[in-house]
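Read the structure below first, then the notes.
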Amino acid sequence: MLPMADINDSINRGWDEFFAWLPKFVAFLVILLIGYIVAKFVGGLVARVLKRAGLDRMLERGAGGSMVMRVVRSPAEFLGTVTFWGSRRSRISSTPSGRTSRTCLQRC
């Protein structure tokens, strides 16, 4: 009977660890979702502001305008996308304590 008790204890400890870890994982997913939404909003805002400021027209009229337009369809949208990924990267890679998110999941 002793080995069966050890297996049950191991299973119970495994479930305890899992349920202690689960809220941290859910919080991580919520923070990730909020970061995505904020990054998407900021990226779209940057693209709209640059379009209204006439960045696309200004670059198109410039000396290298045809070269720029061959590379990207809209420089304003491109900078909005760069802003999205840049802000997304900063939100994913750091936490308020300055540790990376992977470290936080392991130690928090």
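The values are calculated or read from the model by the stated rules, or taken from the named source; none is laboratory data. Source: prediction; values computed, not measured. Reconstructed Cβ throughout: ideal geometry from the backbone, glycine too, with neighbour counts over all protein chains shown.
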(request) Of the conditions (1) surrounded by 12 or more Cβ atoms within 10 Å (Cβ to Cβ); (2) in contact with a helix residue (DSSP H, G or I) (Cβ under 8 Å, 6 or more places away or on another chain), residue 41 clears all except one; give me its number. (result) (2)
(message) Anything in the stretch 24-45 that is basic (Lys, Arg) and over 30 Å from residue 75 (Cα atoms)? List them, or say none.
(response) 24
(message) I'd like to verify a number: residues in the stretch 67-81 that are assigned to a helix (DSSP H, G or I) and under 25 Å from the mean Cα position of the chain (by Cα), how many?
(response) 7
(request) Starting from the stretch 59-80, keep only residues that are closer than 17 Å to residue 44 by Cα, then list their pairs with residues that are among the aromatic types (Phe, Trp, Tyr) and at pLDDT 85 or above whose Cβ atoms are within a distance under 9 Å, requiring at least 6 positions of separation or different chains. (result) 72/78
(request) Among the residues of the stretch 82-103, count how many are at pLDDT 85 or above and buried (at least 16 other Cβ atoms within 10 Å of the Cβ). (result) 2
(message) For the stretch 34-74, give me each residue that is within 15 Å of residue 84 (Cβ to Cβ) and aliphatic (A, V, I, L, M).
(response) 34, 37, 38, 39, 42, 45, 46, 47, 49, 50, 72
